[in-house]
Amino acid sequence: MSSSTPLLAAYDLFLPDEDATIRIAQLLSQAVQPIDSKVHLYLEGDLGAGKTAFTRAFLRALGVTGRIKSPSYALLESYAVSNLNLYHLDFYRFNNPREWVEAGFRDILEENAVVLIEWPEKAGGLLPPPDLNLHFHYQDEGRLLSITAHSTKGQSWLKTLTQNN
Ligand SMILES: Nc1ncnc2c1ncn2[C@@H]1O[C@H](COP(=O)(O)OP(=O)(O)OP(=O)(O)O)[C@@H](O)[C@H]1O
Ligand SMILES: [Mg+2]
């Protein structure tokens, strides 16, 4: 029987300001590397909760240079770092859960790529579970971030994150 610490499935932390959001995004970007298969992160929380701020810092830390625009209008922004594709999606404007399928986004989820989705709940139950779900809640002047793991990979990244935080 293994004596190692059980893998974490959930972790809550308080982010007092935007710098804290950026820092945790940088730490998570370290935890997911080296990237040799899919990395799927879903970001939930009210308008202005910090989903895009987190994603910008995460993509930047993975080597994305140049402007990182919010995909609120275009729905999708794509990047490449060496041979790795990175996709930042925002489903806020979807009115019905089938729209993400009709928009042709299913292929993206099949790729060995980094995929971050804001407002995944707008796809209803049609999306596969992510590796990690990050939920940003307003709390006082800052944010409470609740991270839950939905895959073995996600659990091990979460464990690394908590050890380094
Ligand atoms: N931990 C934090 N505490 C306080 N403010 C924060 C924190 N993290 C980010 N912010 C601020 O909150 C705002 C977050 O905006 P952002 O565009 O990231 O929200 P969003 O969740 O992507 O919203 P939307 O649903 O409209 O896409 C920014 O103004 C940022 O400076
Ligand atoms: Mg956003």
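So here's what we get for this one:
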item: Label-point separation, Asn165 to Thr65 (7 Å along Cα→Cβ), nm; result: 3.1 nm
item: Percent of beta bridges antiparallel (DSSP, the chain, rounded to nearest 5); result: 55 percent
item: Cα-centred dipole magnitude for the chain, charges only on beta-carbon of K, R (+1) and D, E (-1), debye, nearest 20; result: 280 debye
item: Ellipticity estimate at 222 nm from DSSP helix runs (n ≥ 4, -39,500 (n - 2.57)) divided over the chain, nearest 500; result: -8000 deg cm²/dmol
item: DSSP-loop trypsin sites (Lys or Arg not before Pro) across the stretch 50-88, with at most 14 other Cβ within 10 angstrom; result: Arg67, Lys69
item: Relative contact order %, the stretch 12-164, counting alpha carbon pairs below 8 Å whose residues are six or more apart; result: 32 percent
item: For Glu118, distant residues with modelled amide H under 5 Å away; result: Leu43, Leu89, Asp90, Phe91
item: Global form of the stretch 12-164, assessed from the alpha-carbon gyration tensor, a/c cut-off 1.5; result: rounded
item: At R0 = 30 Å, FRET efficiency that the Cβ-Cβ distance of Gln139 and Gln30 yields, to 0.05; result: 0.75
item: Cα centroid separation, the stretch 49-65 to the stretch 85-139 (Å); result: 16 Å
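Here, each number is a calculation from the coordinates, and none is a lab measurement. This structure is a prediction, so every number in the text was calculated from the model and none was measured. Cβ atoms come from the backbone with ideal geometry, glycine included; neighbour counts cover every protein chain shown.
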